[in-house]
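Structure first, commentary second.
The values are calculated or read from the model by the stated rules, or taken from the named source; none is laboratory data. Remember, predicted model here, so these are calculated numbers, not experimental data. Here the Cβ is made from the backbone with ideal geometry for all residues, glycine too, and neighbour counts use every protein chain on show. With ligands, DNA and RNA removed, areas are computed over all heavy atoms of the protein, side chains included. Shrake-Rupley method; radii C 1.70, N 1.55, O 1.52, S 1.80 Å.
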Amino acid sequence: MEYALFYAEGADALPYAPADDNVGEWVDDVEARGVSEYGERLRPAQDATTVRVRGGEVLVVDGPFTESKESIGGFDVIDVRDLDEAIEVASRHPVASFGRVEIRPFVRWPDADPDSRIVPAGFAERPVRGRRYLLLVVVEPGGERAPAGGDRAEDDGPEAWVREMDGRGVRLFGEVLRGPADATFVRRRHDEVLVTDGGFAEAKEWVAGFDLIEVQGGLAEAIEVASKHPMARGGAIELRPLWPFDVHEDHVARTEREAADLGRRLEPAAAVAAAGSER
Amino acid sequence: MPGAGGATPLAPGIAAALRGAYRSDWARVVATLIRVTGDWDVAEEAAAGAFERAAQTWPRDGVPRNPGAWLTIAARNLALDRLRRRGVEADKVGEWMAMQEAIGGADGPPDPADVVADEEPAWDDRLRLVFTCAHPALPMESRVALTLRTVGGLDTGEIARAFHVPEPTMGQRISRAKRKIRHAGIPYRVPAADLLPERVEGVLAVLYLIANEGYLASHGDELQRLDLAAEAIRLTRLLVALMPDADEARALLALMLLQHARSAARIDAAGDLVPLPEQDRTTWDAGEIEEGLALLSTAAIPTREPGPPQAGPYRLQAEIQAVHARARSAVETDWPAIVARYDALSMFADSPFVALNRAIARGMAFGPQAGLDDLALLEASGRLDGYHLLPAAQADLLRRQGEADAAAARYRDAIALARTAPERRFLERRLAELPGP
């Protein structure tokens with residue numbers, strides 16, 4: 001069964017200790033076991049761009065759709081036996097020890113080919129041909145149509161958008177997630193694995209799915225792609241540039257090197273990029 | 001039992017056999033059907049249908065030699081029909097047919113659990129069910145409800161009434177939990193050995209919660225809900241039978257039995273609370289006490305690791321109840337032994353409720369002032385703000401110390417906060433009994 005793992009700090013986060021970061025071992029292990037499909041780190045929240053369409057107008061803002069502690073810092077797609085194995089895999093990820101890992105099952109379509117995978121086979125070897133963004137589909141109040149549940153294909157569902165973006169070679173893969181009621185949080189504290197129900201009833205906004213896109217025209221094109229997604233009207237689309245790194249390098253040195261860019265937006269200002277996309 | 005019993009009243013023997021079968025076999029039937037169909041709703045509907053069929057045919061044909069096997073096979077047939085009608089994949093139905101043949105070839109209907117080959121044949125299906133219902137990815141209130149529904153065989157209305165929520169709310173809670181099991185991939189399996197200790201802990205937590213709700217209702221007019229307490233005992237007994245090596249499960253069962261043994265003595269004819277020192281100890285259930293004490297003496301299985309055996313939190317709580325159970329009268333209670341166990345308990349968890357009980361025990365063992373000092377610290381921590389038993393405990397120790405005025409003030413605080421009518425009446429009585437100025 002396939003799951004998305006989302007890494008976040010969460011409300012009770014401890015400080016990140018780069019010396020304890022063993023993400024390289026984790027990656028080696030999940031690859032050796034064949035349970036990992038694909039995963040990436042994301043640029044921090046200040047490099048997020050959130051796109052909404054209201055009344056036909058494209059509204060673009062710098063920053064993520066939600067406050068930063070809950071903001072996603074990276075993700076993996078795994079294929080494991082069941083939730084217990086997903087919990088085991090998640091609990092050994094270094095983020096579980098200071099933040100939290102959210103385990104989200106995907107919607108399983110009744111007519112889906114049982115052999116198909118979220119991440120296409122051989123994807124990791126595919127050369128990068130443009131700028132990649134994780135496009136997070138966000139359900140939030142105030143959208144212009146009923147929020148999409150996980151269960152049903154909607155009349156104005158994303159099928160047309162998927163066809164268009166697949167045709168343009170922009171969309172690499174993506175899928176709809178089951179709702180927050182089916183989510184599970186995993187944290188590790190004092191060497192104890194803490195598993196909790198992830199579906200809090202008070203959640204007003206949540207990630208309902210994601211796509212990985214690859215664009216030639218930078219943030220401007222990514223915004224254009226996002227604005228065409230039907231959920232830009234129904235909720236919001238958050239664009240997060242990937243932030244690849246060598247999982248086996250010394251994380252203390254890496255953290256020091258990256259400190260200079262911390263808190264600084266490397267993406268163009270959303271307004272500038274959006275203006276560019278209209279030209 | 002829901003669903004059973006038709007328009008015509010059943011002969012008492014048949015009704016008793018049906019009730020007995022429901023009690024002993026509901027979980028087994030549902031558990032087996034969930035494993036084979038992978039569908040909780042089909043399994044429950046088929047199990048309910050099988051009991052309905054039993055209510056129709058047993059009066060005519062007599063109670064079968066092995067009611068459990070009869071019910072399982074009847075439920076299988078119903079589930080098979082339902083799956084076929086739904087047009088479920090041919091291979092699944094085929095699997096069923098193979099199973100049916102295997103059963104047909106045997107001498108009489110054997111226990112289905114023995115027939116179906118499985119990866120973990122040693123585990124009873126009901127054990128899978130218990131672990132799945134208590135999975136940590138489900139919200140605690142759903143775990144409790146689902147365990148009572150699916151393992152306990154209570155219907156949604158009964159569970160809703162027990163927890164004072166509207167029936168539709170409880171129905172949604174249960175169906176949402178089932179949906180999560182299906183969609184999030186919660187396995188129907190006894191956890192692997194490395195996960196087992198923490199998952200057993202999770203199951204015990206669910207059973208403990210059910211028992212506590214039964215022992216001391218958190219609201220309402222009735223102080224105790226014997227249905228829930230008895231249900232918790234029944235389910236824990238099942239867990240102990242399925243996992244005889246789980247020491248803490250045995251200790252939890254002992255704890256429940258020792259508390260339940262006092263249930264008749266805890267309430268007087270007017271429905272008012274009778275505190276432990278005033279209870280008529282001859283009305284304690286000797287059988288339950290004996291069983292509880294016996295469970296404790298065998299729960300002391302030597303640990304594999306070197307060093308002294310570490311008593312778990314349920315064992316410590318059960319031992320506290322055992323001290324009470326062994327005391328022939330209130331004044332003979334070995335309070336220092338109780339204090340020692342609360343000391344050990346407070347090492348496990350930094351719980352204000354343990355701290356409260358420890359303070360009371362210290363007051364009884366070492367004089368009221370020792371307890372009042374502890375309670376003053378606890379009150380200052382603010383961790384039990386709004387909890388009626390804190391001022392009630394202070395009032396009781398002040399009363400024992402002869403400080404009637406201070407005791408009266410604390411009784412009034414406790415009365416304002418009390419959550420059940422019997423507790424409120426008890427506190428009012430205590431207040432009235434204080435010597436006047």
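In region B:148-193, burial by the other protein chains removes 50 Å² or more of 1.4 Å probe accessible surface, compared with the chain on its own, from B:176, B:180, B:183, B:184, B:189. Shape class for region B:137-199, computed from the alpha carbon gyration tensor (a ≥ b ≥ c): prolate, with a/c not under 1.5 and a/b above b/c. Note on residue B:387: accessible area is roughly 40 Å² with a 1.4 Å probe, heavy atoms of protein only.
Interface B-A: total buried accessible area of about 1500 Å², 1.4 Å probe, protein heavy atoms only. Surface analysis of region B:361-437 yields an accessible area of 48 Å² per residue, using protein heavy atoms and a 1.4 Å probe. Karplus-based coupling profile of region B:365-374, in residue order and whole Hz: 7, 10, x, x, 4, 4, x, 5, 4, 4, with θ = phi - 60° in 6.51 cos²θ - 1.76 cosθ + 1.60 and x standing for Gly or Pro. Once the Cα-Cα distance is subtracted from the 0.36 nm per residue extended length, the residue B:283 to residue B:198 segment shows a gain of 26.8 nm. Largest GNM mean-square fluctuation across A:19, A:112, A:183, computed for chain A with C-alpha springs under 10 Å, falls on A:112.
For residue A:208, the residues 5 or more places off, or on other chains, whose built amide H falls under 5 Å of its own are A:137, A:138, A:139.
Could you compute the FRET efficiency for residue B:332 and residue B:140, with r as their C-beta to C-beta distance and R0 at 35 Å, rounded to 0.05? If you can, show how the numbers build up before the last one.
Values: r = 39 Å, r/R0 = 1.11.
The calculated FRET efficiency here is 0.35.
Under a 5 Å amide H cut-off, with hydrogens placed 1.01 Å from N, residue A:107 pairs with A:176, A:177, A:178 among residues at least 5 apart or on other chains.
Provide a whole-number value for the mean count of partner chain Cβ atoms within 10 Å of the Cβ atoms in peptide B:136-143. Show your work: numbers first, answer last.
Values: counts 10, 15, 5, 7, 2, 1, 1, 1.
Taking all residues of B:136-143 together, the mean is 5.
Taking all protein chains together and a 1.4 Å probe, the residues B:203, B:354 rank B:354, B:203 from largest to smallest accessible area. Solvent-accessible area of region B:361-437 (1.4 angstrom probe, protein heavy atoms only): carbon and sulfur portion equals 52 percent. Per-residue ellipticity at 222 nm from helix content only, as computed over the protein assembly as shown with -39500 (n - 2.57) for each DSSP H run of at least four residues, stands at -15500 deg cm²/dmol. Across chain A, the longest run free of exposed loop sites, meaning chymotrypsin sites (Phe, Trp or Tyr not before Pro) lying outside DSSP classes H, G, I, E and B with no more than 15 other Cβ atoms within 10 Å, spans A:1-199. The 3J(HN,Hα) values that the Karplus relation (6.51, -1.76, 1.60; θ = phi - 60°) gives for region B:262-278 are, in residue order, 9, 4, 5, 7, 6, 10, 8, 4, 7, x, 8, 6, 10, x, 3, x, 9 Hz. Gly and Pro appear as x. Residue B:345 exposes around 10 Å² of accessible area when a 1.4 Å probe is run over every protein chain in place.
Dipole of region B:361-437, Cα-centred, from +1 at each Lys and Arg C-beta and -1 at each Asp and Glu C-beta, to the nearest 20 debye?
Roughly 280 debye, rounded to the nearest 20.
Normalised by the number of residues in chain A, what is the relative contact order in percent for Cα pairs under 8 Å and 6+ residues apart? So the answer I get is 29 percent.
For region B:361-437, a/c is not less than 1.5, where a ≥ b ≥ c are the root eigenvalues of the C-alpha gyration tensor, and a/b does not top b/c. That puts it in the oblate class. Amide hydrogen proximity for residue B:274: with H placed 1.01 Å from N in the peptide plane, the residues at 5 or more positions away or on another chain lying under 5 Å are B:267, B:268. The portion of the accessible surface of chain A made up by carbon and sulfur, rounded to a whole percent, is 53 (1.4 Å probe; DNA, RNA and ligands excluded). With a ≥ b ≥ c taken as the square roots of the eigenvalues of the C-alpha gyration tensor of region B:305-389, please select rounded if a/c is under 1.5 and otherwise prolate if a/b is larger than b/c or oblate if it is not? Oblate, since a/c reaches 1.5 and b/c is not below a/b.
Counting only protein heavy atoms and using a 1.4 Å probe, the accessible area of residue A:36 comes to about 40 Å².
Counting only residues at least eight positions apart within a chain, or on another chain, the aspartates and glutamates with an alpha carbon under 12 Å from that of residue B:180 are A:182, A:197. Put the Cα centre of region B:38-55 next to the Cα centre of region A:40-116 and the gap is 39 Å. Using θ = phi - 60° in the Karplus curve 6.51 cos²θ - 1.76 cosθ + 1.60, the 3J(HN,Hα) couplings for region B:143-152 round to 4, 4, 5, 5, 5, 5, 6, 8, 7, x Hz; x is entered for Gly and Pro. Going 7 Å from the Cα of residue A:112 toward and past its Cβ, which residues in region A:161-191 have a backbone nitrogen under 14 Å from where you end up? Taking a point 7 Å out along Cα→Cβ of residue A:112, the residues of region A:161-191 whose backbone N falls under 14 Å are A:173-179.
If you take the Cα centroid of region B:380-419 and the Cα centroid of region A:167-240, the two points sit 52 Å apart.
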